[in-house]
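The values are calculated or read from the model by the stated rules, or taken from the named source; none is laboratory data. Remember, predicted model here, so these are calculated numbers, not experimental data. Please note: Cβ atoms are built from the backbone with ideal geometry, for glycine as well, and neighbour counts cover all protein chains shown.
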Amino acid sequence: MVGKIAFLPGDGVGREVAGAARKVLVAAAQKYGVSLEFNECVFGGAAIDECGDPLPEQTKTVCLEADAVLLGAVGGPKWDGATIRPEQGLLGLRSALDVYANLRPIQVAKGMEGFSPLKKEIATDVDLLIVRELTGGLYFGKREEGMDTARDECLYTRAEVTRVARIAFEAARKRDGRVTSVDKANVLATSRLWRNAVNELHEKDYADVKLDHMLVDAMSMKLIQAPSSFDVVLTENLFGDILSDEASVLSGSIGLAPSASLGDGRRGLYEPIHGSAPDIAGQGKANPVGMLLSAAMMMRFSLDQAEIASCIENAISRALAAGRGTGDIGGKDSCMSLTDYICETL
Ligand code: ATP
Ligand code: MG
C-alpha cells in the first residue's frame, strides 16, 4: 500500500470529476503494481444536507489521518443564502490541514493553443507555476465594518513569508531554477517585509536559484505579454488570488487547471481550480482534466510516485493532442468517455 487518500467528491461536477480521478488512479496504480486506499467522506453541501455541518468531525479526522486529500468541488445554488455554507467547510479544512502554500501550474497543452486567448506564438512554451500564500495577509486580518468607514488589516510575519518562499525555491530547483517574487514594495509595508524575507532566505539557502522581484501591476501585464518568460511566480494571498485566476485563462479552459495546497510535511490537499459548475452538473459535460492533473500532483508530492504521476500526465497530453476532449475545449467526449480513453491509454 503506497497511500491513504481521503476522498471528498463534494458537490455538483465535483462528484463527476472526482469519480473520474478515482478511476484513473486505480487503473494507474494497478499498472504499477501498487495499491491505494480510498476513504470516501461526505463534505460541503452534501454534508450540510446529511448532518448540518459542511466539515463533519469524522471527515476532518479521516483527512488528518490521510497521506493526501483529494477533493472535487463544493457549493451550488441549493445552499446560496443559507446560514451554513459549503465553502465554510473548505476554509475549515484548509486551516485544519494548515496548508499555507497554494500551487497552480499553468501550461498551454499541445492542441489547446486555439483555446487560449493568447496568440499562438505566445501560447506555446507557457509553463509556469504560481505559488500563492494561502493563510495570511488581508484574508485573515482583523476587520472593522462601519456604515461609512471600513478597515481590513494586512499582516504578515517574516516566518510566514519564509515558509512559503521555501516551497517556491524548492519547486524552482525541480523546474527551471527561477523564481519571480511579486509584491507592491513601492507602497506597502507588508510587501517590503515580503521582499526582505525572500531575499534573506535566497542568500542563506537558495543562491543557486535565480530570483527577481516584480511589482504586481507590472506582473499583471507581463503575464499576458510574455507568460513564457516565467518559471515559478511567488506571491502573497490577495495578489495570488487575482494573478492565478488571470493565469488560468491562458491554459484555454477552467476545466484544465489543477491545484495543490501544501503545508509542512508531505500531506496536501488536491483539487481542480473550478467550482461545482451548477450549470453543467449532472450532464456528463464536465472536463475531468483539471481534476486528473490534480490527482497526478498528489501522486508526485504526497505519495512519492513520480512515475505514476508522469504516466497519468502523459496519457492526458496524448488524449488532448489526439483531439479528444469535452465540449469546453471543442471536443465531443463526455466526462466518462474521455476518462475511459485516458485509462485505456495509460
Ligand atoms: P462555484 O460557486 O462552485 O465556484 P460557479 O457557478 O462559480 O460555481 P464554476 O465551477 O466556478 O461555477 O465554473 C465557472 C464556469 O466554468 C461555468 O460556466 C462552468 O460550467 C464552467 N466550468 C467549470 N468547471 C468546468 C469543467 N470541469 N468542465 C467544463 N466547464 C467547466
Ligand atoms: Mg466559481
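Out of region 212-244, which residues are surrounded by fewer than 21 Cβ atoms within 10 Å (Cβ to Cβ) and out of contact with any helix residue (DSSP H, G or I) (no Cβ under 9 Å at 6 or more places or on another chain)?
Passing the criteria: 212, 217, 218, 221.
Tell me which of these residue 265 doesn't satisfy, since it passes every other one: (1) more than 14 Å from the chain's Cα centre (by Cα); (2) within 18 Å of residue 104 (Cα to Cα); (3) away from ligand 1 (no atom under 16 Å from the Cβ); (4) of a type outside the set (Lys, Arg).
Result: residue 265 fails condition (2) only.
So, in region 192-224, how many residues would count as being within 23 Å of residue 246 (Cα to Cα) and without any contact (Cβ under 8 Å) to a residue 24 or more places away in the chain? Give the steps one after another, and end with the answer.
Of region 192-224, the ones within 23 Å of residue 246 (Cα to Cα) are 194-195, 211-224.
Remaining after also requiring without any contact (Cβ under 8 Å) to a residue 24 or more places away in the chain: 195, 218, 221-222.
Summing the residues that are within 23 Å of residue 246 (Cα to Cα) and without any contact (Cβ under 8 Å) to a residue 24 or more places away in the chain in region 192-224 gives 4.
Any chance region 272-290 includes a residue that's more than 12 Å from ligand 2 (Cβ to nearest atom), touching a Pro at 6+ places or on another chain (Cβ under 6 Å) and within 29 Å of residue 64 (Cβ to Cβ)? Walk me through it before giving the result.
So the first thing to find is which residues in region 272-290 are more than 12 Å from ligand 2 (Cβ to nearest atom), and the list is 280-290.
The next check asks that each one be touching a Pro at 6+ places or on another chain (Cβ under 6 Å); those that pass are 290.
Filter once more, so that each one left must be within 29 Å of residue 64 (Cβ to Cβ): 290.
Yes, that holds for at least one residue.
Residues checked against (1) closer than 21 Å to residue 246 by Cα; (2) within 21 Å of the chain's Cα centre (by Cα); (3) small (Gly, Ala, Ser):
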position	(1), (2), (3)
125	yes, yes, no
137	yes, yes, yes
141	no, no, yes
145	no, no, no
153	no, no, no
157	no, no, no
168	yes, yes, yes
176	no, yes, no
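With respect to the numbered conditions (1) at positive phi; (2) within 16 Å of ligand 1 (Cβ to nearest atom), which one is the sole condition not fulfilled by residue 332?
(1)
State whether the residues of region 269-290 include one that is among the aromatic types (Phe, Trp, Tyr), within 17 Å of the chain's Cα centre (by Cα) and not assigned by TED's automatic domain parsing to the domain that holds residue 123.
First, the residues of region 269-290 that are among the aromatic types (Phe, Trp, Tyr): 270.
Filter once more, so that each one left must be within 17 Å of the chain's Cα centre (by Cα): 270.
From the residues that got through so far, the ones that are not assigned by TED's automatic domain parsing to the domain that holds residue 123 too are 270.
Yes: one or more hits.
I'd like to know if region 230-248 contains one or more residues that are of a type outside the set (Phe, Trp, Tyr), within 16 Å of ligand 1 (Cβ to nearest atom) and in contact with a Pro (Cβ under 8 Å, 6 or more places away or on another chain).
The initial filter retains those residues of region 230-248 that are of a type outside the set (Phe, Trp, Tyr), namely 231-238, 240-248.
If we keep only those that are within 16 Å of ligand 1 (Cβ to nearest atom) as well, we get 241-242, 244-248.
Now narrow it down to the ones that are in contact with a Pro (Cβ under 8 Å, 6 or more places away or on another chain): 247.
Yes, because at least one residue in region 230-248 is of a type outside the set (Phe, Trp, Tyr), within 16 Å of ligand 1 (Cβ to nearest atom) and in contact with a Pro (Cβ under 8 Å, 6 or more places away or on another chain).
When you scan region 1-21, how many residues do you find that are modelled with pLDDT under 95 and of a type in the set (A, V, I, L, M, F, W, C)? Show your work before the answer.
So in region 1-21, the residues modelled with pLDDT under 95 come out as 1-3.
From what is left, the residues that are of a type in the set (A, V, I, L, M, F, W, C) are 1-2.
Here the count works out to 2.
Which pairs turn up if I take residues in region 88-102 that are under 13 Å from residue 59 (Cα atoms) and look for partners that are part of a strand (DSSP E or B) with beta carbon separation below 6 Å, at least 6 apart in sequence or on another chain?
Short answer, once both residue conditions are applied: 97/269.
Here is a check on your reading of the model: is residue 62 more than 25 Å from residue 335 (Cβ to Cβ) and β-branched (Val, Ile, Thr)?
Details: more than 25 Å from residue 335 (Cβ to Cβ): yes; β-branched (Val, Ile, Thr): yes.
In short, yes.
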